[in-house]
Amino acid sequence: MMHDESPPIPFWMIGILGALLLIGMSIFLQQNRTVALIDQFARQPTPALPLPGLPQLEIQSLSPDAQEAARQLWQQIMAGNRSQAVDPVASNQRLRVVIDGIEPVPNGVRIRGTVTNLTDGNLQVPISAFELRDSAGESYRAPGTTIANLSPGASTPLELSVPLPNGRGLLLITHLPPDPPLEQRLLIDVQGASS
């Protein structure tokens, strides 16, 4: 009695099906991957009028404990260490911006964090939604055109480098209309703190 011992599906067919499965998974994962919001910000022309109602970045406006904390943040950065933001989290109904740390880089600082979509739908967040403003009134924006397409609940890295002079306060403003801007104090101005 002879038995045919060949498998019902040839091995080469299994290989082709496996390859097609891997290609399909790769395409699916690439479509769902979000773009990191990373850019080097550049100083912009100073606006004629300052934005109304921005949080104070001067150390004199803080309590003595907060003044000491602001000085310690700058001491960490000046020593070449990573520091925390004064206001690490800002959010509204659609978006949450979390700043994980501020670190020194040549000629300025780098801000690292994450941006999260809090909606039930897809949300587009362009790098142009972020503006940095220092305590001298200088505005910094990214020249890039990167846009993160965030699915519901998804997050993407945020990395902003800015040529901030030592000791100046720094504010992050996130503009994502129609919502009002989100404002986060990152650093407090300590230039006049020792006098």
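The values are calculated or read from the model by the stated rules, or taken from the named source; none is laboratory data. This structure is a prediction, so every number in the text was calculated from the model and none was measured. Every residue, glycine among them, receives a Cβ derived from its backbone with ideal geometry; neighbour counts consider all protein chains shown. Ligands, DNA and RNA are stripped out before the accessible areas are found, and what is left, the full protein with its side chains, is counted by its heavy atoms. Shrake-Rupley method; radii C 1.70, N 1.55, O 1.52, S 1.80 Å.
A simple rule links phi to the HN-Hα coupling: the Karplus curve 6.51 cos²θ - 1.76 cosθ + 1.60 with θ = phi - 60°, which for segment 175-185 gives 9, 9, x, x, 5, x, x, 8, 10, 10, 6 Hz, with x for Gly and Pro. Under a model in which nothing but the beta-carbon of Lys, Arg (+1) and Asp, Glu (-1) is charged, segment 134-195 shows a dipole of about 60 debye around its Cα centre.
Among Val125, Val190, the order of accessible area from largest down is Val190, Val125, computed with a 1.4 Å probe on protein heavy atoms.
A protection proxy built from the mean count of other Cβ atoms within 10 Å ranks the segments 177-183, 143-149, 82-88, most packed first, as 82-88, 143-149, 177-183.
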